[in-house]
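Notes for the one structure printed next.
The values are calculated or read from the model by the stated rules, or taken from the named source; none is laboratory data. Quick caveat: nothing in here was measured; it's all calculated off a predicted structure. So basically every Cβ, Gly included, is an ideal-geometry build from the backbone, and we count neighbours across all protein chains shown. These area figures cover heavy atoms from the full protein model, side chains too; ligands, DNA and RNA do not enter into them. Shrake-Rupley method; radii C 1.70, N 1.55, O 1.52, S 1.80 Å.
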Amino acid sequence: MSDLPNPDFSGLEGGEEQAAQDAVQEVVNWYNAQIITERRAPVPDEERLEGLKAGRQAALADQAQLATADSQEAERITAVYAARLRDLKGS
């Protein structure tokens, strides 16, 4: 029995970090879809396109910060991005 590897699960807590990552990625995906749609429009709205790109860039910056976020910060980011996605889909 002692020959079996002993996996290290110490980095796996409550999954807050993964939930935050998923929430931010959903918002990034929404922005990507909107950017593609706007670019394909017969006459793209450049102002809207710039706003979409800025929103996507902000989400990507938050996503990068998740690498150093603790579980409380990850929970906060999850809540913020879940609300943001609801707002974006409602607009």
Whole-Hz couplings from phi, Karplus 6.51/-1.76/1.60, listed for segment 84-89; x for Gly and Pro: 4, 5, 4, 5, 5, 5
Calculated FRET efficiency for the pair A83/E50, C-beta based, R₀ 25 Å, to 0.05: 0.60
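Can you check what the net charge comes to around E50, using other residues whose Cβ is under 15 Å from the Cβ of E50 (Lys, Arg +1; Asp, Glu -1)?
In short, 0.
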Under Karplus coefficients 6.51, -1.76 and 1.60, residue-wise ³J(HN,Hα) of segment 56-65 in Hz, glycine/proline x: 5, 5, 5, 5, 5, 5, 5, 4, 5, 6
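Diagonalise the Cα gyration tensor of segment 13-62 and give the resulting equivalent ellipsoid semi-axes, square root of 5 times each eigenvalue, largest first, whole Å.
Largest first, segment 13-62 gives 28, 10, 4 Å.
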Sulfur and carbon atoms: percent of accessible area, segment 16-90 [1.4 Å]: 50
